[in-house]
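Some notes on the structure that comes next.
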Amino acid sequence: MNSAASSFSPIDQINAVLRNQNPFAQAPILRANHVWGKGFPDVESLNAHASDAVFRALDEIRAGLYPATSILITAQDGTGKTHIISRIRRYLQKQGGALFVYANKFDDLNRVKQGFQQILADSLSNIGRQEITQWQELATEMANDAIKTANLQAQFLPVEHLVKKFEDADEEQARKWIGQLTKAFRKAKDVKDPDIVRAIFWTLSEEQSSYAANWLGGKELAQYKANELGLPNQNQTFDTVLHILSLISQYNELIICFDELDLPDYNDAGLHKAQVISGLVKELYENLHRGVVLTVMMPGVWKDKVKQLPPGVWSRVTACGEPQDLSYMDGDSIVELVSRFLKEFYDEKGLMPPHPLYPFDEDQLRALGRERLTVRQVLTWCKDNCRPPLATEDNQPVPIDDPVSIEDPVETAFKNELEEDLSKNLDDNALISNALLFSLAMLVGLTVESVTIEEVTTKVKKRGGRDPYLNFKILGKEDGRDVSIGVAVLQYDGGGGLGAGFRRLVDEDKSFGLTRGCLVRSQSKPINHYFKKTYLNPLIYEKGGEFVDLKEEEIKPLIAIRAVHQKREVDYKLTEEQILTFIAEKGAENLLGIHNPLLKEILSDPSHQVPLLEDEPEVQVQEYTEDSDSDELEPSEKVELAGLSANA
């Protein structure tokens, strides 16, 4: 054996690993997790013209040629639209200079502006260039401007210093610093809403950052938490979005990427998702001071949906010029993509293959380049054909003819969606209620927990209208009696939203015609004494309602299978019948359908027991007061604020 060959891992060891684990087993569908975290290996030369168009626009904006633009990428499914977005995100994270927003999830197309406010807040809560959140990047720039305006002798304070200062400070000191920074910043810049500035500064506090980001995203805070932060309970308005964009533009460019517009979702007015979002793109483009709006969709959706809108709308989606079309893979890009996938796999296993493409042959891969395949088709082909050869006694490899075990394509898609990180979305009432609604609708005609389900409807009002707080009704028979179970997912921390939902469930004036109400909420979330006494206890003890504990492990499979169903045609190439068969045959092991404990609990006979819930801290009904008109720091406040920059 020569020295070069001796550097390779034993071929039988490599083959054993390949037989045990397919390097291409993961569904070739990029999700939000891949955009924000570790994505698929990227072939930078593939469709570089599209990502370069964004980078070129960014350079031109920095050069002052124009303030903002919008770019459209059109391509067939699987060609790599989300790959381009992921490439842009990684470039910005490495180079810095611009903040990044990824807008793909809109669970309520009737309220897209509110949805975008939450998307903006969630995106800026992700890590940026310096291993800190993008909110903290912005807050650091703003804090330094405030300190400079206060005429304090301090060099530029890095975020690590500011975060450490807030970590070491007590609650009262932190609140004083936030107030002083806000006042000083108002003098430095034109500020329309001081509360937004205050909330951004609160993101420097690790203890309060998530609450501040929630508030910036339009979520309602519990009264005690709003009082701690010196904020009103809620600030859900598109003006907040525009103010945040204006603040960002004073320090950074912004790239907003809209994805997953090809899904066949419609709002109540009958507009397709891409049409609804195009209207939002128009407003953002017209109000963006320094940035790029990138939209990706299939050519058919662009032609048949978006271009049917008035020119004043669709022209704003592609202000930069004609859509950027993506190309299919050629032989070179296929070889590079496969070699990168395999390198990651072999490096992780500590193996050295006989050549970078093993177990494939380069000529075999280059031949695929003549077939005009998409990235997704190439990765699917690799998964189906990644079979190590079997060595004979004289060490000559021969192909294996043994049939390869092929996983159910629905199961592959389901596992892919299960990997989505839901930790930040468990308070998303629309996402959770849509998942419950989808799975319960699949049970129509069946009897579950003694309830024969006849209909599941979002038309919950007397005249058949939707309601923002009572998500849907389950109509059917229970022991021969008509039942109408109203379901409300109420993950609000407190305040008006929680109270409004409770009032619907109690249904005192019979506006919703409920025989019982079902509250779906995480038992770990506190509820104040007033709500318990006024709503929760009567709901359980007097109205025969139920409190159903929302558990991540029980709702996650329902969210995943709904996502598979939404993407069945565009991404996964599945039929509804295949999905229903998977639920019927493998529901027990995957907590789907009649086997899901959460669905069963909603339908079960109420326990008439109020769960043991943590009490929300008691506070006065409203302690929030607006800032005074003065933006001048008192001498004592300057001394106090100087403590924030001390020891830098």
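Determine whether the range 79-100 contains at least one residue that is over 21 Å from the mean Cα position of the chain (by Cα) and either within 25 Å of Lys573 (Cβ to Cβ) or crowded, with 17+ Cβ neighbours inside 10 Å (or both).
Checked against the condition, which is being over 21 Å from the mean Cα position of the chain (by Cα) and either within 25 Å of Lys573 (Cβ to Cβ) or crowded, with 17+ Cβ neighbours inside 10 Å (or both), the range 79-100 yields at least one hit.
Exactly one condition in (1) touching an Asp or Glu at 6+ places or on another chain (Cβ under 9 Å); (2) crowded, with 23+ Cβ neighbours inside 10 Å; (3) within 19 Å of Met142 (Cβ to Cβ) is false for Val197; which is it?
Unmet condition: (1).
Which of the residues belonging to the range 248-260 are surrounded by fewer than 21 Cβ atoms within 10 Å (Cβ to Cβ) and in a helix (DSSP H, G or I)?
Scanning the range 248-260 gives a single hit, Ser249.
I want to confirm something. Restricting to the range 555-593 and keeping residues that are over 25 Å from Leu263 (Cβ atoms) and among the acidic types (Asp, Glu), which single residue is nearest to the chain's Cα centre (by Cα)?
Per the criteria, the residue is Glu589.
Output the residue which, of all residues in the range 304-320 that are touching a residue at least 40 places away in the same chain (Cβ under 8 Å) and not hydrophobic (A, V, I, L, M, F, W, C), is nearest to Asn20 (Cα to Cα).
Thr318
For the range 180-208, which positions are among the small types (Gly, Ala, Ser) and at pLDDT 95 or above?
Matches in the range 180-208: Ala199, Ser205.
For the range 295-322, what are the residues that are in a helix (DSSP H, G or I) and acidic (Asp, Glu)?
Correct list: Asp304 only.
For residues in the range 38-55 being touching a residue at least 40 places away in the same chain (Cβ under 8 Å) and closer than 23 Å to Asn126 by Cβ, which is surrounded by the fewest Cβ atoms within 10 Å (Cβ to Cβ)?
Glu44
Being surrounded by fewer than 17 Cβ atoms within 10 Å (Cβ to Cβ) and over 27 Å from Gly78 (Cβ atoms) is the filter here, so list the residues in the range 284-312 that pass it.
Glu286, Asn287, His289, Pro310, Pro311, Gly312
Specify the residue that is modelled with the lowest pLDDT; the eligible residues are those in the range 559-583 that are surrounded by fewer than 22 Cβ atoms within 10 Å (Cβ to Cβ), β-branched (Val, Ile, Thr) and farther than 16 Å from His595 by Cα.
So, considering only residues that are surrounded by fewer than 22 Cβ atoms within 10 Å (Cβ to Cβ), β-branched (Val, Ile, Thr) and farther than 16 Å from His595 by Cα, the one modelled with the lowest pLDDT is Val570.
Residue-by-condition table, conditions (1) of a type in the set (Gly, Ala, Ser); (2) touching a Leu at 6+ places or on another chain (Cβ under 6 Å); (3) at pLDDT 90 or above:
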{"residue": "Asn110", "(1), (2), (3)": "no, no, yes"}
{"residue": "Lys113", "(1), (2), (3)": "no, no, yes"}
{"residue": "Ile119", "(1), (2), (3)": "no, no, yes"}
{"residue": "Leu124", "(1), (2), (3)": "no, no, yes"}
{"residue": "Ile127", "(1), (2), (3)": "no, no, yes"}
{"residue": "Ile132", "(1), (2), (3)": "no, no, yes"}
{"residue": "Thr149", "(1), (2), (3)": "no, no, no"}
{"residue": "Ala154", "(1), (2), (3)": "yes, no, no"}
{"residue": "Val159", "(1), (2), (3)": "no, no, yes"}
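Within the range 488-510, how many residues are within 24 Å of the chain's Cα centre (by Cα) and β-branched (Val, Ile, Thr)?
1
Collect the residues in the range 473-527 that are of a type in the set (Val, Ile, Thr) and in contact with a Pro (Cβ under 8 Å, 6 or more places away or on another chain), keeping them in residue-number order. Please lay out each step first, then the result.
Here is the first cut: in the range 473-527, the residues of a type in the set (Val, Ile, Thr) are 474, 483, 485, 487, 489, 506, 515, 520, 527.
Selection gives Val506 alone.
Does the range 287-294 contain any residue that is in a strand (DSSP E or B), of a type outside the set (A, V, I, L, M), at pLDDT 95 or above and closer than 22 Å to Arg62 by Cβ? Walk me through how you get there before you give the answer.
Within the range 287-294, the subset in a strand (DSSP E or B) is 291-294.
Now drop any that are not of a type outside the set (A, V, I, L, M), which leaves 291.
When the remaining residues are screened for being at pLDDT 95 or above, the result is 291.
Applying the additional criterion that residues be closer than 22 Å to Arg62 by Cβ yields 291.
Yes, the range 287-294 contains a residue that is in a strand (DSSP E or B), of a type outside the set (A, V, I, L, M), at pLDDT 95 or above and closer than 22 Å to Arg62 by Cβ.
Does the range 186-207 hold any residues that are without any contact (Cβ under 8 Å) to a residue 60 or more places away in the chain and either farther than 19 Å from Gln117 by Cβ or hydroxyl-bearing (Ser, Thr, Tyr) (or both), and which are they?
Once the filter is applied, which keeps residues that are without any contact (Cβ under 8 Å) to a residue 60 or more places away in the chain and either farther than 19 Å from Gln117 by Cβ or hydroxyl-bearing (Ser, Thr, Tyr) (or both), the range 186-207 yields Ala188, Asp190, Ser205, Glu206, Glu207.
Can you say whether Leu351 is closer than 21 Å to Asp42 by Cβ and not in a helix (DSSP H, G or I), as far as the supplied structure shows?
So Leu351 fails the test.
If we scan the range 261-268, do we find a residue that is buried (at least 21 other Cβ atoms within 10 Å of the Cβ) and part of a loop (DSSP other than H, G, I, E, B)?
Of the range 261-268, the ones buried (at least 21 other Cβ atoms within 10 Å of the Cβ) are 261-262.
When the remaining residues are screened for being part of a loop (DSSP other than H, G, I, E, B), the result is 261-262.
The answer is yes; a qualifying residue exists.
Could you list all residues from the range 200-247 that are part of a helix (DSSP H, G or I), within 21 Å of the chain's Cα centre (by Cα) and within 20 Å of Pro158 (Cα to Cα)?
Within the range 200-247, Ile200, Ser209 qualify.
Residues that are assigned by TED's automatic domain parsing to the domain that holds Leu288 and closer than 20 Å to Asn287 by Cα: list the helices (runs of 4 or more DSSP H) wholly contained in the range 57-174 that include at least 2 such residues.
112-124
Working only within the range 124-175, note down all residues that are buried (at least 19 other Cβ atoms within 10 Å of the Cβ), without any contact (Cβ under 8 Å) to a residue 40 or more places away in the chain and small (Gly, Ala, Ser).
Matches in the range 124-175: Gly128, Ala174.
From the set of residues in the range 409-434 that are part of a loop (DSSP other than H, G, I, E, B) and not charged (D, E, K, R), which is modelled with the highest pLDDT? Steps first, please.
Pass one, the range 409-434, residues part of a loop (DSSP other than H, G, I, E, B): 419-428.
Keeping just the survivors that are not charged (D, E, K, R) gives 422-423, 425-426.
Working: Leu422: 84, Ser423: 81, Asn425: 85, Leu426: 90.
This residue is Leu426.
The values are calculated or read from the model by the stated rules, or taken from the named source; none is laboratory data. In this text the structure is predicted, and so the values were computed from the model without any measurement. With ideal geometry, Cβ positions are generated from the backbone for all residues, glycine too; neighbour counts draw on all protein chains shown.
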